[in-house]
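The values are calculated or read from the model by the stated rules, or taken from the named source; none is laboratory data. Because the structure is predicted, anything quoted here is derived from the model rather than measured. We place every Cβ from the backbone using ideal geometry, glycine too, and count neighbours over all the protein chains shown.
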Amino acid sequence: MALYYWPQVIGDKLIFKIKAERVTNGILWLKTNDPSLTQNLTFFRKQIIRKYNRFLGPGVVRAVRIVTGETGIAQKAENKKEKIIIKEKFKNKFPQKIEEIKDEELKDAFSHFFRYHSSLREGRLMNGDLECPQCGRLIKKNEDCLCTKQKKRRTSL
């Protein structure tokens with residue numbers, strides 16, 4: 001959940017410059033490819049921890065470590081600004097369940113998560129991946145789905 005809330009913690013201007021890598025034993029690991037930004041972030045560690053305490057509760061993120069290196073997010077900056085579009089078949093599946101969630105922040109988090117992954121799925125379908133007719137999993141064009149492979153194994157035994 002800490003990685004999910006990272007864009008809200010860091011803000012729109014820095015989201016494409018700083019990557020939240022992982023959280024291990026309460027330590028949030030951040031990576032940026034700008035050494036001066038690494039240095040400046042060290043002064044804001046307490047503020048980052050305070051924001052996470054607000055989103056996730058105290059003690060989830062206890063420390064912040066910042067490293068300099070290749071983040072791999074420079075190309076994503078332009079794509080991130082595009083609006084997420086969901087096809088009708090996905091719109092009807094999720095909203096009924098999301099309305100059952102009482103906590104508004106959690107409801108927003110799941111809704112955003114669903115929209116994001118639906119857009120990734122649509123992107124893969126547009127780029128040539130196929131949907132398995134039996135289980136719905138996305139597969140590459142000339143590959144068998146896992147459910148098909150398992151079925152073949154069972155019949156060969």
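Elements of the type strands (runs of 3 or more DSSP E) sitting completely within region 15-97 and holding at least 1 residues that are exposed (fewer than 15 other Cβ atoms within 10 Å of the Cβ), modelled with pLDDT of 60 or more and aliphatic (A, V, I, L, M): these cover 27-32, 63-68. The set of residues in region 45-56 that are out of contact with any strand residue (DSSP E or B) (no Cβ under 6 Å at 6 or more places or on another chain) and over 15 Å from Q8 (Cβ atoms) contains only K46.
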